[in-house]
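Please read the structure below before turning to the comments.
The values are calculated or read from the model by the stated rules, or taken from the named source; none is laboratory data. Everything quoted here is computed from the prediction, not taken from an experiment. Every residue, glycine as well, gets a Cβ built from its backbone with ideal geometry; the counts of neighbours run over all protein chains shown.
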Amino acid sequence: MKIVIIGGTGHVGTFLVPRLVHEGHEVISVSRIKRKPYQPNSAWESVKQIQIDRGAAEQDGSFGKQILALHPEVVIDMICFTPESAMHLVEALHGKIKHLLHCGTTWIHGHSTMVPTMESQMREPFGKYGINKLAIEEYLLSQFQETGFPATILHPGHIVGPGWIPVNPAGNFNSEVYRKLERGEKLILPNLGLETLHHVHADDVALAFICALKNKQNSIGESFHVVSPQAMTLRGYAESLAKWYGKVANLQFLPWESWRKTVTKEEADATWDHIAHSPNCSIDKARTLLGYNPKYSSIAAITESLEWLKNK
């Protein structure tokens, strides 16, 4: 099939595009600027790369038409962040393609209530990103229900892998957290360290897109979580990483208001975002309907990222 992937040189696209090529598809990668993928792969030699500034093209009303002009059978949209962007694309592609796959986020759920979170649970997102992604999901599924538009939505957790610094055991991106664990130094975590993070390797996200394409009869008109088999608590994450470094985790816990004073405002804001969402999602639906079987556990995905970071 002829597949156009919007945002093809990003983290997931780095792994997805070669998978699509190896599956025998003709692939066109659309991105705003000419950029190399995160990891080299000879499969990219057969990929046509097109530059389109999505924001500018949506403003003048040409983006959907430009994608349609590439004559795709399937469109994979990795970088749609507003319902208006989704509407613009769907209006141009309606009746012209076999399948649209949209990359969402587990943050559509907001706070965890019952865990693991199932796709069927009520969604109550907070924050612009999660709210917009839910609006996109609702729009795409309504288009399927009302007009038969062939949409599938895949919701990844915290994406990691070579080329990407993982959300750390403190719930932010300060790489000093890893160095403290590596040196066996004291690491202070918020609350009791029992909030959860749910990472997923970028290649496992790519795998989910392949599974959705292959199982079109089960994936169209549906949304799926795409995460590693199990979430990790902040405490469990820190202890697992310390063990990986050959150390025993030296952890201390502080109530939130006390803990936030030990870090920068930027770090505290990032941590609050992650622990307030505290994702812990089931992949039973994706396993059953798509045959999705992720290769990486959360800690394996994270440590591969850290190996890359160490050799950077």
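Values for this structure:
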quantity: Failed criterion for W107 (all others in (1) over 16 Å from the mean Cα position of the chain (by Cα); (2) buried (at least 20 other Cβ atoms within 10 Å of the Cβ) hold); calculated: (1)
quantity: Failed criterion for E119 (all others in (1) in contact (Cβ under 8 Å) with a residue 60 or more places away in the chain; (2) among the acidic types (D, E); (3) more than 22 Å from L289 (Cα to Cα) hold); calculated: (3)
quantity: Selected residue (criterion: farthest from H199 (Cα to Cα)) from residues of the range 122-160 that are hydroxyl-bearing (S, T, Y) and in a helix (DSSP H, G or I); calculated: T147
quantity: Residue count for the range 258-272, restricted to those that are over 14 Å from L192 (Cβ atoms) and either of a type in the set (D, E, K, R) or touching a strand residue (DSSP E or B) at 6+ places or on another chain (Cβ under 6 Å) (or both); calculated: 7
quantity: Every residue from the range 31-70 that is free of Cβ contacts under 8 Å to residues at least 40 places away in the same chain, under 17 Å from M1 (Cα atoms) and touching a strand residue (DSSP E or B) at 6+ places or on another chain (Cβ under 7 Å); calculated: V47, K48
quantity: Any chance P294 is in contact with a helix residue (DSSP H, G or I) (Cβ under 9 Å, 6 or more places away or on another chain) and at pLDDT below 95; calculated: no
quantity: Residues of the range 135-170 that turn out to be of a type in the set (D, E, K, R), without any contact (Cβ under 8 Å) to a residue 60 or more places away in the chain and touching a strand residue (DSSP E or B) at 6+ places or on another chain (Cβ under 9 Å), as a count; calculated: 0
quantity: Enumeration of residues in the range 260-272 that are part of a helix (DSSP H, G or I) and hydrophobic (A, V, I, L, M, F, W, C); calculated: A268, A270, W272
quantity: Qualifying positions in the range 208-263 - over 19 Å from F173 (Cα atoms) and of a type in the set (G, A, S); calculated: A208, A212, S219, G221, S223, S228, G246, S258
quantity: Residues of the range 72-95 satisfying the condition of being among the charged types (D, E, K, R) and either crowded, with 19+ Cβ neighbours inside 10 Å or not in a helix (DSSP H, G or I) (or both); calculated: E73, D77
quantity: K310 vs. criteria surrounded by fewer than 17 Cβ atoms within 10 Å (Cβ to Cβ) and at pLDDT 95 or above; calculated: no
quantity: Complete set of residues in the range 273-291 that are without any contact (Cβ under 8 Å) to a residue 60 or more places away in the chain and either within 18 Å of Y129 (Cβ to Cβ) or part of a loop (DSSP other than H, G, I, E, B) (or both); calculated: I283
